[in-house]
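Chemist: Handing you a structure now.
Rule-based calculations on the coordinates, nothing more; no lab input. All figures in this text were calculated on a predicted structure; none of them were measured in a lab. Positions of Cβ are generated from backbone atoms using ideal geometry, with glycine treated the same way; all protein chains shown enter the neighbour counts.
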Amino acid sequence: MGPTLLLDLDGTLVDTVPDLAAALNRVMAARGLAPFTEAETARMVGDGVATLIARAFAARGRTPDATAVADYAADPALFVPRASRPFPGVVAGLATLAEAGWRLAVCTNKPEAAARSLLEQLGIGGFMAAIGGGDSFPVRKPDPAHLVATLRAAGGVAERAIMAGDHANDVAAARGAGIPAIFAAWGYGPAEMADGAAAVAQDATEMVRIARAMMDA
């Protein structure tokens, strides 16, 4: 059986922070609250929509109202990218692995519908054998069952799988599932989030090289 590479989305495959920040700031503006910079937004993402909204409102001394999460989740920029783009080397790297017989899958805490739409709009959805969103299963990262379920949906096995992501949740979920993790140092997570990863890649091209070397070892 060919190997499988499980990939985080935001901060690993795609630089989505410009659109995430814009959507978040529309929610804040509608409630008379101050906006966030892209850097501030990047530090709050990675744990799903509800947690992002909770962190944003807490930073403004508020508790989210009943519709804040739904308003953010429905923002068109999360489905049709305006400024989001794949990171350098991502498209070429996915093509290289696909041509070499790898299964590719996305395991993200972003809602599945938004993840699918984003990947399709950016022209990389076709590479994916499965997309496991934050609402696809009863659990999500850092719970390893999220990775296991996504891997199963992609037709892969843990013994021939690797997880790549830029957040501590990716590393923790991979370790819990018995899968080696490559930390995506080009993403949004600080360097200390790489603790426990089997390797650290500085860009997508290096990620592909490391993944292939791991499977050839």
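Chemist: Counting just the residues of segment 58-73 that are outside any helix (DSSP H, G or I) and not hydrophobic (A, V, I, L, M, F, W, C), which one comes out surrounded by the fewest Cβ atoms within 10 Å (Cβ to Cβ)?
Modeler: GLY61
Chemist: Kindly establish whether ALA164 is part of a helix (DSSP H, G or I) and surrounded by 18 or more Cβ atoms within 10 Å (Cβ to Cβ).
Modeler: When the stated conditions are applied, ALA164 does not pass them.
Chemist: Tell me which residues, restricted to segment 121-140, are polar (S, T, N, Q) and either part of a loop (DSSP other than H, G, I, E, B) or farther than 14 Å from LEU9 by Cα (or both).
Modeler: SER136 - this is the single residue of segment 121-140 that is polar (S, T, N, Q) and either part of a loop (DSSP other than H, G, I, E, B) or farther than 14 Å from LEU9 by Cα (or both).
Chemist: Taking only segment 198-216 into account, find how many residues are free of Cβ contacts under 8 Å to residues at least 40 places away in the same chain and either hydrophobic (A, V, I, L, M, F, W, C) or under 14 Å from GLY165 (Cα atoms) (or both).
Modeler: Within segment 198-216, residues that are free of Cβ contacts under 8 Å to residues at least 40 places away in the same chain and either hydrophobic (A, V, I, L, M, F, W, C) or under 14 Å from GLY165 (Cα atoms) (or both) number 8.
Chemist: Still on this structure: Residues of segment 201-212 being among the small types (Gly, Ala, Ser) and under 13 Å from ALA181 (Cα atoms), which ones?
Modeler: Those that are among the small types (Gly, Ala, Ser) and under 13 Å from ALA181 (Cα atoms): ALA201, ALA211.
Chemist: Which residue pairs have Cβ atoms under 6 Å apart, sit 6 or more places apart or on different chains, and have a first residue in segment 31-44 that is under 14 Å from GLY189 (Cβ atoms) and a second that is assigned to a helix (DSSP H, G or I) and of a type in the set (Gly, Ala, Ser)?
Modeler: THR41/ALA21
Yes/no per residue for (1) surrounded by fewer than 19 Cβ atoms within 10 Å (Cβ to Cβ); (2) part of a helix (DSSP H, G or I):
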position	(1), (2)
ARG82	yes, no
PRO88	yes, no
VAL91	yes, yes
ALA98	yes, yes
GLY101	yes, no
ASN109	no, no
ALA114	no, yes
LEU118	no, yes
